[in-house]
1. Under 20 Å from GLY106 (Cβ atoms) and in contact (Cβ under 8 Å) with a residue 24 or more places away in the chain: which single residue out of PHE6, PHE21 fits that description?
2. Please go through the range 1-38 and give me each residue that is buried (at least 19 other Cβ atoms within 10 Å of the Cβ) and in a helix (DSSP H, G or I), ordered by number.
3. For residues that are in contact with a helix residue (DSSP H, G or I) (Cβ under 7 Å, 6 or more places away or on another chain) and small (Gly, Ala, Ser), scanning just the range 10-56, find the one that is farthest from ASN129 (Cα to Cα).
4. Do you know which of the residues in the range 145-188 that are surrounded by fewer than 15 Cβ atoms within 10 Å (Cβ to Cβ) and not polar (S, T, N, Q) is nearest to the chain's Cα centre (by Cα)?
5. Please work out if ASP43 is at pLDDT below 85, in contact with a Ser or Thr (Cβ under 9 Å, 6 or more places away or on another chain) and crowded, with 18+ Cβ neighbours inside 10 Å.
6. Can you go through LYS92, LYS77, LYS116, LYS98 and tell me which one is surrounded by 14 or more Cβ atoms within 10 Å (Cβ to Cβ), basic (Lys, Arg) and in contact with a Phe, Trp or Tyr (Cβ under 7 Å, 6 or more places away or on another chain)?
Amino acid sequence: MIKYNFYISIITLSKNDNQKFLRTLNSILSQIKEYKIEWILVDGSNFKNQEKKIKLIKKLFDKSKEENISLKYINSKKMGIVGIYPCMNYAKKIARGKYIMFLNSGDIFFKNNSLKIIIENSRDIDPNNSLIFGQANNVASSKINWLFPGNKLKNIQKWLRFFEPNHQSMIISKSLANNYEFSINYNSISDGYWKRQIINNAIDIIYIKTPIVKFFFDGVSTLKPSKQLTIDIIKNKKISVLRKLIFIVKYLLPENLFFIYHKLQKYKSLMIDFIF
């Protein structure tokens, strides 16, 4: 039997985004923690922002007198790890927790007991091949937000055949997570393909019908894509035609009308919940 140093490893990627990072840091420190937690911070910031971040962490850790979190700070530039998915692959390999969770810079827990809730649901299942996930509160703006999956969803198994949860709302057995790599072949949507492998190969899947995280639409995968990224997606033979069409629509929408795309996402999600 494998002996783990921590119950869960929370992995955070950050790069020159100290305001968003502060949001995540405060959220992690505010959680009710009944187990020892490993927090792996992979920082790709420039030297100036790295210094600010380290001082910020020390100040808030000292203030909170936090003893249940062990921080592992990784300078990705110094390590020669370039790109979001290589960083995620590296972090999950070195994680020392029984479960892993990705909570990137800007992501926050929904309430101060959210981590406790998701951990409690992991106690009686296969520790080597399990996935536990809850709802994500997707926030595109103060007026456009929704739960994913939604409260009207009746059949989670049918839903999982077509959709993947937000990775921020998932905890995954470390052994299962490390069976599959985030591929650089899928550009900014690699996490969707990785999650599909996790869903298809997990022995135990537990769904908690309660919000676990708030996911803000200000990351690479949710903002208007660049021209070069759109071209790369179109040329990629491994990516489905439907995903390519979605990227084309995202690229063609003017910046000031991009809220329309988020509205369409919300209503599509609500409609699917009602059908299933």
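The values are calculated or read from the model by the stated rules, or taken from the named source; none is laboratory data. Remember, it's a predicted structure, so these values are computed and weren't measured experimentally. Glycine also receives a Cβ, built like all others from the backbone with ideal geometry; neighbour counts cover every protein chain displayed.
1. On the way: PHE6 fails: under 20 Å from GLY106 (Cβ atoms).
Criteria check complete, one pass: PHE21.
2. LYS20, PHE21, THR24, LEU25, SER27, ILE28
3. SER45
4. Residue satisfying both the conditions and the ranking: ILE184.
5. no
6. LYS98
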